[in-house]
Structures are given as structure tokens and as C-alpha cells.
Amino acid sequence: MSAARDTVVFIPAWNEEDNLPEVLSDLARELPDADVLVVDDGSTDGTADVARERGAEVLSFGENRGLKAAIAAGYEWALDRGYAFCGRVDADGQHPPHELARLLEMVRSGHCDVAVGSRFVSGDGYAAYRYRPSRSRRLGTAVLRRAMALVLRRPFGDATSGLYAANAAALPLLAQPYRSGAPEVEALIRLTEAGLRVEEVPVNMAERASGESKLRGGKAIRLVLTVAGTLLLVRFARRRRR
């Protein structure tokens, strides 16, 4: 089935009925010509109903399969339906749709194949150090930056950002299943190794609109360890190929 419009924005969502209405309203205002897909990751609340009531397409899993499955499914949806451009925002309200519109414009113009919104780079009117994470998060971020620089052979400040815009050339790579708990990092590695142009773009992000973050405390620490492990495996695999 081919798409009538050339752009789709997908939202991975798990029990986000409280946050989705505002996210969908903002998307409709900022990107009125884009289709919207909510990937419902086995929610037990009214996430799917809220999405349908506001005109979004819904892809529902029968059970909670995790973020990496929802991300791959969103990109696969875009790929299978022939969209030229695909955006991703999270369901918790942290990714302002007007920032996604900027990223999509960069991709549309041919400036890059994939644009990733970053809290931790500056420029274009975005001040340095505009985000002040906790001490533990600063440590985790420093570890990730160093590891990403080794693997990607370039600096990358916000490797776990979920604010993405991509063109059709990137979709086959982004739609592949993710094996680790760090799908955004896997995506960056795939795109870089395939020679696609990935641009890290300064953006502002908001606080979570309501509810608790699903990435706190022990989960945040496990994410850092997962990312570091993923990157070490990539380096090991490269050395073996040599």
C-alpha cells in the first residue's frame, strides 16, 4: 500500500493516554501535511483509543514488546508504505513538534539523510550547556560520548535521542530489528557504517508532560551499561573483520 502523503511521523507509546492528546495536537498544528502513526506497545490504558479518536493510525502489539520493537515497527510501517520521509517523536511530550519540523526540513533539502535532535550540542541560537543533568547523568553522558566517538569516529553528544527525521534511503536500515536495549545507538552505527549522512542538530526539549519517566534510577544505569556494551561489541567485531 502506497502513501498519499510523502511524510509520516510515528510515536512509540506505552501507557501514554495522558500525554498523547497534547502531542498529537501539536503535531497536527506544526506538521499538518504529515500522516501520524502511534505504535501502541501493548498498553493497558486507553493509549490506542486516544490515538484513534484524534485521527492517528494505530499499530497495536498484543503485548508489551519494548521500545526497540516499537521503533523498528514504526520505520517498517513507513518503509512498506513508500513514504519519502519519516519522523519520530516520543509520546511523553519531551520532543517539540516544531523542532521535528526543522529536522524534516533539513532532510527534505538534501542537507543530510538523517537529522537527530540533540540537547547537548550548540549553535544556530541554541546555547551551550542549556541542559544541566544530575551528576550521575553527567557521568553517564561523558562515558557514552567517549564510546560513541571511538565507534563512530566522530563526536556525537546525544546518542540516545529519540527525535529523528529520516529520508527513504535510511528507512531499510532503521527498520531492521534491534538486538540490544540501545536501539538509537544501534541505528547510528548502522547509518554511519552504510555511509549515510547523519547530522546532529541542536534542539530544545521539554520536561515530560505527566507521569513518571520509564528511564530512572537503575534503568538509567542499565541503559548506560547496555550502550557501552553494544559499542564494545561493535569495536570487537570490526577488529575481527580486519
In nm, to one decimal, how far is the modelled label at GLU207 from the one at HIS98, with both set 7 Å along Cα→Cβ? 2.0 nm
For 11-17, 125-131, ranked highest to lowest by mean beta-carbon neighbours within 10 Å, the order is 11-17, 125-131
Just reorder ASP158, ASP35, ASP49 by solvent-accessible area, largest first, 1.4 Å probe, all chains present. ASP49, ASP35, ASP158
The stretch 1-134, accessible surface, carbon-and-sulfur percent (1.4 angstrom probe): 45 percent
Work through the residues other than VAL39 whose Cβ is under 12 Å from its Cβ and net out their charges, Lys, Arg +1 and Asp, Glu -1. -3
Of the heavy-atom accessible surface of the stretch 162-202 (probe 1.4 angstrom), what whole percent is carbon and sulfur? 52 percent
Once the whole set of protein chains is in place, how much accessible area is left on SER122, using a 1.4 Å probe, in Å² to the nearest 10? 70 Å²
For the stretch 1-60, what does the accessible surface come to per residue with a 1.4 Å probe? Please give it in Å². 48 Å²
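The values are calculated or read from the model by the stated rules, or taken from the named source; none is laboratory data. Nothing here was measured: the structure is a model prediction, and the numbers come from that model. Every residue, glycine among them, receives a Cβ derived from its backbone with ideal geometry; neighbour counts consider all protein chains shown. What goes into the accessible areas is simple: the full protein's heavy atoms, side chains included, and nothing from ligands, DNA or RNA. Shrake-Rupley method; radii C 1.70, N 1.55, O 1.52, S 1.80 Å.
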